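First up is the structure itself, then whatever we jot down about it.
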Amino acid sequence: MNHPQYVHGYSSKESKRLQDQAQTLTVLLHHDTIYPANSQVLEVGCGVGAQTLILAKNNPETKIVSLDISSESVATAKARVEEAEYGNVSFLQGDLFSLPFEDETFDYLFVCFVLEHLVRPQMALESLKRILKTGGSLTVIEGDHGSAYFHPDSAAAKKTIQCLIDLQAQTGGNALIGRQLYPLLHSANYRDVRVSPRMVYADESLPAMVDGFTRKTFNAMIEGVKEQAINAKMIEEKEWNKGIRDLYRTSEKNGVFCYTFFKAVGTK
């Protein structure tokens, strides 16, 4: 009932999108995700290892356990970390609602792009507290698809984005969860909760961000649910195609695209 439903699927194309996203947003999201040497860190929902590689590189003296419910994703993540020759990560396939760890095992928890896919995100946060040491901290990063705005504006483009929001809601997820991180952590009884918005801004003067985020991350994510959206009769194919064209127009001359991620830290 509480297991994540990954609306984007597990294709090789989606794996590539996640890697592009992580590489593009490394500094924006992870420059301050630095842990003390020899601390024990659990990464919950590691997926294909896109964030794992960044954690491992930025924290070479930290012991990281990366967990995911998908055995296939765990295998991919492990292979990528081994290829990069990082020796500070071990992997485990498992369910975050029934973790095989003793109470107060980890100094820090890291949860990135996971809560949006859960039916009961607050229950997940409460469950994770058990294995976190008293005084240790939880870091959560989530996007918020309602924060996307762009020029030239387009009703059709907004409708394609809404299709993804609605599809995720149908599986019990929440694509607007970024703005809710403070109340979620507070309700789960984490202390000293701090949330910092991390805004992506892309125009033609920032070609790496335009290509890495607007085209290869956000637009690719929306494109990935075309078949689901049309089959669910959320949108006609003609309007969908126009919306996608308009999204790509924001990555061309005089186009602008903005999106906000939210990073929250709370203490047990």
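The values are calculated or read from the model by the stated rules, or taken from the named source; none is laboratory data. Since we're looking at a predicted model, the values are computed, not measured. For neighbour counting, all protein chains shown are included, and Cβ atoms are generated from backbone atoms with ideal geometry for every residue, glycine included. In case anyone asks, the SASA skips ligands and DNA or RNA and just uses the protein heavy atoms, side chains included. Shrake-Rupley method; radii C 1.70, N 1.55, O 1.52, S 1.80 Å.
Quick notes on this one:
- Which listed residue, of 92, 109, 132, is in contact (Cβ under 8 Å) with a residue 40 or more places away in the chain and either open to solvent by 40 Å² or more (accessible area, probe 1.4 Å) or touching a Phe, Trp or Tyr at 6+ places or on another chain (Cβ under 9 Å) (or both): 132
- Residue in the range 179-195 that is closer than 17 Å to residue 246 by Cα and over 15 Å from the mean Cα position of the chain (by Cα) present: no
- Residue 214 passes every criterion in (1) more than 24 Å from residue 110 (Cβ to Cβ); (2) open to solvent by 10 Å² or more (accessible area, probe 1.4 Å); (3) β-branched (Val, Ile, Thr) apart from (2).
- If you filter the range 21-39 down to residues that are surrounded by 18 or more Cβ atoms within 10 Å (Cβ to Cβ) and in contact with a Ser or Thr (Cβ under 7 Å, 6 or more places away or on another chain), you find that the one that is modelled with the lowest pLDDT is 21.
- Scanning the range 112-129 for residues that are over 17 Å from residue 189 (Cα atoms) and open to solvent by 50 Å² or more (accessible area, probe 1.4 Å) returns a single hit, 119.
- Residues located in the range 50-87, provided they are out of contact with any Leu (no Cβ under 9 Å at 6 or more places or on another chain), outside any helix (DSSP H, G or I) and open to solvent by less than 40 Å² (accessible area, probe 1.4 Å): 59, 70
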